[in-house]
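Single-structure report; data block below.
Quick note: the coordinates plus some simple rules give every number you see, no bench work behind them. Because the structure is a prediction, the values reported are computed rather than measured. Here the Cβ is made from the backbone with ideal geometry for all residues, glycine too, and neighbour counts use every protein chain on show.
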Amino acid sequence: MTGEDVRRAVADAHHHEWAAVLAAAVRVTRDLDLAEECAQDAYAAALEAWERGGVPDRPGAWLTTAARHNALDVVRRAGTRRAKLHLLVEPAGEPAPDDRLRLVFLCCHPALALASQVALTLRLVCGVPTPDVAQAFLVPEATMAARITRAKKKIAASGIPFRMPGPAELPGRLDAVLTVIHLLFTTGHTAPAGPALTCDDLADHALHLARVLHAQLPREREVSGLLALLLAHHSRRATRTAPDGRLLLLEEQDRTAWDRETIAEADRLVVRALRGGDPGRFALQAAIATLHAVAPSAEETDWPQILVLYDELLRRWPSPVVALNRAVAVAMVHGPAAGLAEVEALEQDPRLRDYRYLPAAEADLLRRLGRAGDAAAAYERAIALTANEAERAFLAGRLAESR
């Protein structure tokens, strides 16, 4: 086996096993920083050991054992009882969900700000290096490193336990967990920066977490809604770009290549999420995404029903991003002039000041109205806010057409 084969095996194990390896170390050290060091040392040791003796049949088990041994060595050197036990750990004999899910609930404690929850989940659960987390948030690496360190210290100071929350705690934690998993998927579905439209590893991580969460909480309608939403988007991942990397709009994509089995699964989950009372925001978003996925063609999309769903979503979740998406639906039902009026009203919302999709939506509506000069100016504003190169190339093409 070549060194390249070993490096590829270690990278694959990092992608699939990082959270489990980290969790094994957490259980011994009860300290996130020490646990990360022990996990990283296990992967470094694997590079050398596997090149000598070959990749083991169960790489994850090898790494988990190595990380646990590293952690035990650290604890023994520090003394049989640590002065501070930063994390409370469930007894080993209790039934345990996926350790990645435990880590998500640890990262998504209400004591942390949402941005810190997402950053910590990317770092601890997905094993994303701090520089890449910083790039996802479009902030300097030092800023992100400090943010992650503060979040870890807050967890340590608060004595936040490394366990699934009990029934009384779950309502206060579940929405944060769903939000973070959704943001993880969104970050992977359309990368904030870089040459590629997507970051498939992050999207895959998020989809896995949504499945694990659904397996643990199958009766939670919003969990079903989140999983359905992710599946509906995931079903068309292969068709979102042309072979040359060019971004393809929804109406340009080859619907015969969409994953119909995944769409059917999303549809079943949406029915479950909408049944039994007022639907939540993830169930409503899933219903919208599924309507797009089941439409035989772009022309046959049920835009009036999508607008009804956006009206309800905006009532339940008055987000400016939801309002912008609703404006697009208004344009499809009532014409581009009506949609443009909605978009122009949203320009007064400071929360959308640097949101690239606001000028992009405005530019498209102006283009459809034949206002080429105004459309060009809006495309220029959108390009200035866009760091994803595939999106920039698409917008630059539209800008050239408007001139």
How big, in percent, is the set of alpha carbon pairs in the range 308-403 lying more than 21 Å apart?
32 percent
Just to confirm a number: summing +1 for Lys and Arg and -1 for Asp and Glu over residues other than E17 whose beta-carbon lies under 11 angstrom from that of E17, what do you get?
0
For the chain, which longest stretch is free of loop sites, where a loop site is one of the GluC sites (Glu not before Pro) that DSSP puts outside H, G, I, E and B and that has at most 12 other Cβ atoms within 10 Å?
1-298
Cα-only radius of gyration and Dmax that characterise the chain, units Å:
23.1, 75
